[in-house]
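I have placed the structure first, in the form of structure tokens, so that the comments after it can refer back to it.
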Amino acid sequence: MGWGGQEIRILLEALGMRERGHTVIVAAMPGGELVYRARKEGFLVYEVNFRKSFWLISLWKLLWILWKHQIDIVNTHSSLDSWLGGIAARLGRRWILRTRHLSTPIKGGVNSRLLYGKLADFVVTTCAAMVPVIAKQSGKSLERIVSIATGVNPKNIHTNLRELEEFREKIGAAKEDFLVGTACVMRSWKGIDDLLMAAHLLRHISHLKWVIIGGGHAERHQKKAQELNLDAIVTFAGHLDPPYSAIRALDLFALLSTAHEGVSQAILQAAYLERPLLATSTGGLCEVCLHEKTGLIVPPLSPEHVAKAVLRMKHHPALRAQFGKEAHRLVLEKFTWDHTLDRMEQIGVYRKGSHG
């Protein structure tokens, strides 16, 4: 019902596929943000209630949609819609593509073997580390599972020197200050506490400041920063839309997630903006933060390692510049939005392009 990474990927993919000549029709929960935004973009949207108590009615509605519009591929995204959409697609003899947006392991047993086996011809995950996990837990062959990250669109990422200077002035950063920052929706697994503890460990280092960009559960982290007496060196910048100038203003971009992380949009944006990276080995972060090439990898829940890495990067500007250039090159080679769409179209169900 909300608006997060999964819903954004669905809409962006729909827009991209429409530009490439595909017809895209959306079936989504009534009143959800995706319904509103997809209609605003001109898509035909059917409101379908995926809750179990509505399944019989909704199943017939989905079957009618498949028949009326001669749908070739049904792309499901979550648990309930995968059950209902998968059953409808099987009855209608359509190809089924299941996108797994989370980087958490799926539940084993009969349910996963049905959802990812019988009710999916092909599975897309947004994190390479999840491919063997899904294969093991679902029994699906590795040939039918692929990782396709949500790439960034370079055309949408714009910054200029004046905006960078204005952001640094706004947060009270002097020209000689070294800024370490992160950008995320603040949730329990985003590693904000570890960033704050690293700041606490390095609180006596001159000209070292920390920036946290994003909304979410900021109050708890702001309270912790106050308890650690970090108000003078830590800035909570809040939600910024777009955040590109703020990210570009950082000297080091950090994302210290402890769980649930795929290939983060924020780390891709920072990489494209030539920021050296500091990340944990969680999920898909190490696909972008290549240790000693585009940045440094530290263990999750390790403020001491974070502090050590920050000091190293602060004292080696040439290394930062090298990491930043390599990060930018990596995005252009592997993680643009065009790469995402190209790889989606290369999946077997797209190439077959018929009901089967």
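The single condition from (1) more than 25 Å from the chain's Cα centre (by Cα); (2) assigned to a strand (DSSP E or B) that Gly181 fails is (1). Scanning region 1-46 for residues that are among the aromatic types (Phe, Trp, Tyr) and within 23 Å of Leu102 (Cα to Cα) yields a single hit, Trp3.
From the set of residues in region 237-257 that are part of a helix (DSSP H, G or I) and of a type in the set (A, V, I, L, M, F, W, C), which is surrounded by the fewest Cβ atoms within 10 Å (Cβ to Cβ)? Give the derivation first.
Going through region 237-257, the residues part of a helix (DSSP H, G or I) turn out to be 244-248.
From the residues that got through so far, the ones that are of a type in the set (A, V, I, L, M, F, W, C) too are 246-247.
Details: Ala246: 24, Ile247: 27.
In this case the residue turns out to be Ala246.
Within region 283-301, track down each residue that is more than 22 Å from Tyr244 (Cα to Cα), crowded, with 18+ Cβ neighbours inside 10 Å and in contact (Cβ under 8 Å) with a residue 40 or more places away in the chain. Give the derivation first.
First pass over region 283-301, keeping only residues more than 22 Å from Tyr244 (Cα to Cα): 283, 291-293, 297-301.
From the residues that got through so far, the ones that are crowded, with 18+ Cβ neighbours inside 10 Å too are 283, 297-298, 300.
Hits for region 283-301 are Gly283, Val298, Pro300.
Of the residues in region 258-272, at least one is modelled with pLDDT of 95 or more, buried (at least 21 other Cβ atoms within 10 Å of the Cβ) and among the aromatic types (Phe, Trp, Tyr).
Does any residue of region 103-111 turn out to be touching a residue at least 40 places away in the same chain (Cβ under 8 Å) and either more than 26 Å from Ala237 (Cβ to Cβ) or not assigned by TED's automatic domain parsing to the domain that holds Thr235 (or both)?
yes
Among the residues of region 137-157, the ones that are part of a strand (DSSP E or B) and closer than 14 Å to Ser264 by Cα come to 2 in all. Taking each residue of region 173-191 that is farther than 22 Å from Trp3 by Cα and looking for partners that are of a type in the set (Asp, Glu) with beta-carbon atoms closer than 9 Å, six or more apart or interchain, yields Asp177/Asp251; Phe178/Asp251; Leu179/Asp251; Val180/Asp251; Gly181/Asp251. Considering only region 289-298, I want to know if a residue exists there that is within 12 Å of Cys184 (Cβ to Cβ) and within 15 Å of the chain's Cα centre (by Cα). No.
Show the residue pairs meeting these rules: Cβ distance below 8 Å; 6+ apart or different chains; first residue within region 154-169 and within 11 Å of Ala249 (Cβ to Cβ) and aliphatic (A, V, I, L, M); second residue assigned to a loop (DSSP other than H, G, I, E, B) and modelled with pLDDT of 95 or more. From residues that are within 11 Å of Ala249 (Cβ to Cβ) and aliphatic (A, V, I, L, M), the pairs are Leu164/Ala249.
Residues in region 191-215 that are modelled with pLDDT under 95 and surrounded by fewer than 16 Cβ atoms within 10 Å (Cβ to Cβ): Gly215 alone. Taking the criterion of being in a loop (DSSP other than H, G, I, E, B) and either under 26 Å from His204 (Cα atoms) or basic (Lys, Arg) (or both), the residues of region 158-178 that qualify are Ile171, Gly172, Ala173, Ala174, Lys175, Glu176, Asp177.
For region 21-36, what are the residues that are closer than 23 Å to Lys68 by Cβ and in contact with a helix residue (DSSP H, G or I) (Cβ under 7 Å, 6 or more places away or on another chain)? Within region 21-36, Val24, Ile25, Val26, Ala27, Ala28, Leu34 qualify. Listed by position, the strands (runs of 3 or more DSSP E) inside region 1-116 whose residues that are within 26 Å of Arg144 (Cβ to Cβ) number at least 1 are 25-28, 73-76, 95-100. Considering every residue within region 306-314, establish whether at least one is within 22 Å of Thr104 (Cα to Cα), in contact with a Leu (Cβ under 7 Å, 6 or more places away or on another chain) and modelled with pLDDT of 95 or more. No, region 306-314 contains no residue that is within 22 Å of Thr104 (Cα to Cα), in contact with a Leu (Cβ under 7 Å, 6 or more places away or on another chain) and modelled with pLDDT of 95 or more.
Restricting region 221-231 to residues that are without any contact (Cβ under 8 Å) to a residue 24 or more places away in the chain and assigned to a helix (DSSP H, G or I), the residue that is farthest from Gly4 (Cα to Cα) is Glu227.
Against the conditions (1) modelled with pLDDT under 95; (2) closer than 30 Å to Gln265 by Cα, Asn75 satisfies every one except (1).
Looking at Lys190, Lys209, which is the one that is in contact with a strand residue (DSSP E or B) (Cβ under 8 Å, 6 or more places away or on another chain), in a strand (DSSP E or B) and charged (D, E, K, R)? Before the answer, list the steps.
Numbers: Lys190 fails: in a strand (DSSP E or B).
After ruling out the rest, the residue left standing is Lys209.
The values are calculated or read from the model by the stated rules, or taken from the named source; none is laboratory data. Please read all numbers here as calculations on a predicted model, not as lab measurements. Note that each Cβ is placed from the backbone with ideal geometry, even for glycine, and that neighbours are counted across all protein chains shown.
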